[in-house]
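Contents: one structure, followed by commentary.
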Amino acid sequence: MNKAALGVIAVSLSALLASCGSSGGNAEAQGRILDLSTEYTTSTSPTVQYAGCDRVNGATTGRANSTQVKVEFSAVGSVQSIQVSLAGTSDDKADPNFTTTIQAANLKKNAAGNYEVLFDANSATGALLPAAIIVEPVVQPVKPVTATKPVGGSFYALVKVNTTSSSFTLTSKFLRSIPVFEECTIQTAQPLSR
């Protein structure tokens with residue numbers, strides 16, 4: 001294959017990724033959302049299905065109305081700050097109560113060299129997207145749950161990357177959306193029967 005054809009394929013793949021929304025950029029920076037997950041899963045086979053839970057039975061003290069959300073993304077270039085929001089799939093609007101801005105100097109990287117933002121969402125208000133956010137909470141282990149009473153919606157992440165002269169927004173909508181349930185029960189290991 002000649003170099004011109006490879007260049008066209010590379011540009012086409014970049015355009016395809018950008019059209020899916022998980023990656024984007026401008027003249028100063030580029031970025032891509034790599035994953036969106038929570039501390040709760042309703043299934044691990046054939047793929048992991050994460051969940052958001054308004055009430056959690058069997059949770060540790062103080063976490064009965066909390067779901068930890070993790071957004072993992074990469075960004076290079078002249079990034080000044082990022083704004084992370086969660087948006088509901090029912091109206092595709094970012095929840096203003098579930099949005100935070102982080103300066104580039106305060107972004108944390110994981111072992112793979114990607115940025116991670118953790119939210120501890122408190123759903124005590126009963127809203128689809130909780131009205132409280134705590135940045136940099138204690139990392140919660142992933143726990144399997146039995147989820148009941150779906151609220152009929154799900155959420156995805158938006159990452160607005162601010163550079164010195166402009167900004168661009170990345171979305172995980174076509175990468176992964178996470179369904180929300182009214183109630184989840186943490187599954188505990190059963191003892192082996194004899």
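The values are calculated or read from the model by the stated rules, or taken from the named source; none is laboratory data. Because the structure is predicted, anything quoted here is derived from the model rather than measured. Please note: Cβ atoms are built from the backbone with ideal geometry, for glycine as well, and neighbour counts cover all protein chains shown. These area figures cover heavy atoms from the full protein model, side chains too; ligands, DNA and RNA do not enter into them. Shrake-Rupley method; radii C 1.70, N 1.55, O 1.52, S 1.80 Å.
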Spin-label pair LYS108/GLU182, simplified geometry with 7 Å Cα→Cβ offset, distance in nm: 3.4 nm
Estimated FRET transfer efficiency (SER43, SER166; beta-carbon r; R0 45 Å; 0.05): 0.65
Accessible surface, per residue, of the stretch 27-130 when the full set of protein chains is kept, probe 1.4 Å, Å²: 46 Å²
Just to be sure I understand the model, the point goes 7 Å from the Cα along the line to the Cβ. What's the resulting LYS149 to GLN83 distance in nm? 3.4 nm
